[in-house]
Amino acid sequence: MMNKPRGLVATASDEKGCATVYALLDPALPWVAPVGRLDKASEGLLLLTNDSEWAALITSPDSRIEKTYRVQVDTVAGPRVAHSPQRRCYHGELLRATRATLLRASEKTSWLDITLDEGRNRQIRRCRRRH
């Protein structure tokens, strides 16, 4: 497990030359790979493993394993966010959240817990909507 800080990408090497999570690992450790991805702007729990079959199971959209993300959005989310299970949007493919909970709101931003049971690429960022 790693608490991935912002500014690093969760990959072995980056075509744009960005620093990766491997910069934080002891080079003497055996090989491990990230389970899923947190983009450069995200921080939080990142699992690493040397078991590629287990990683594929955990990250497969078919597994329906729930993952909860705490996100800050640049708008004031209304109370209906908490009462909108199965939140959906279409961005070239159908994307949905199983739960969205409003944690707190200020005059300009809101903090939400968003639970996904799929692992689509940049799913939360792609579904950013005004509530």
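What residue, among those in the stretch 101-120 that are among the charged types (D, E, K, R) and more than 12 Å from T75 (Cβ to Cβ), is modelled with the lowest pLDDT? Residue satisfying both the conditions and the ranking: R120.
Hey, among the residues in the stretch 36-62 that are surrounded by 13 or more Cβ atoms within 10 Å (Cβ to Cβ) and polar (S, T, N, Q), which one's modelled with the lowest pLDDT? By that ranking, first place goes to T59. Taking the condition free of Cβ contacts under 8 Å to residues at least 12 places away in the same chain, more than 15 Å from K67 (Cα to Cα) and not assigned by TED's automatic domain parsing to the domain that holds E118, does L29 pass? It is true that L29 is free of Cβ contacts under 8 Å to residues at least 12 places away in the same chain, more than 15 Å from K67 (Cα to Cα) and not assigned by TED's automatic domain parsing to the domain that holds E118. Here is the figure for the stretch 21-42: residues that are within 19 Å of I58 (Cα to Cα) and assigned to a loop (DSSP other than H, G, I, E, B) total 6. Examine the stretch 68-79 for a residue that is closer than 16 Å to I114 by Cα, at pLDDT 85 or above and more than 11 Å from the chain's Cα centre (by Cα), and state whether such a residue exists. Within the stretch 68-79, one or more residues are closer than 16 Å to I114 by Cα, at pLDDT 85 or above and more than 11 Å from the chain's Cα centre (by Cα). Picking from residues in the stretch 8-35 that are more than 20 Å from A55 (Cβ to Cβ) and surrounded by 12 or more Cβ atoms within 10 Å (Cβ to Cβ), the one that is modelled with the lowest pLDDT is C18. Scanning the stretch 1-20 for residues that are touching a helix residue (DSSP H, G or I) at 6+ places or on another chain (Cβ under 9 Å), of a type in the set (V, I, T) and not in a loop (DSSP other than H, G, I, E, B) returns a single hit, V9.
The values are calculated or read from the model by the stated rules, or taken from the named source; none is laboratory data. Just so we're clear, the structure is a prediction, and the values are computed from it rather than from any experiment. Neighbour counts run over all protein chains shown; Cβ positions are idealised from the backbone, glycine included.
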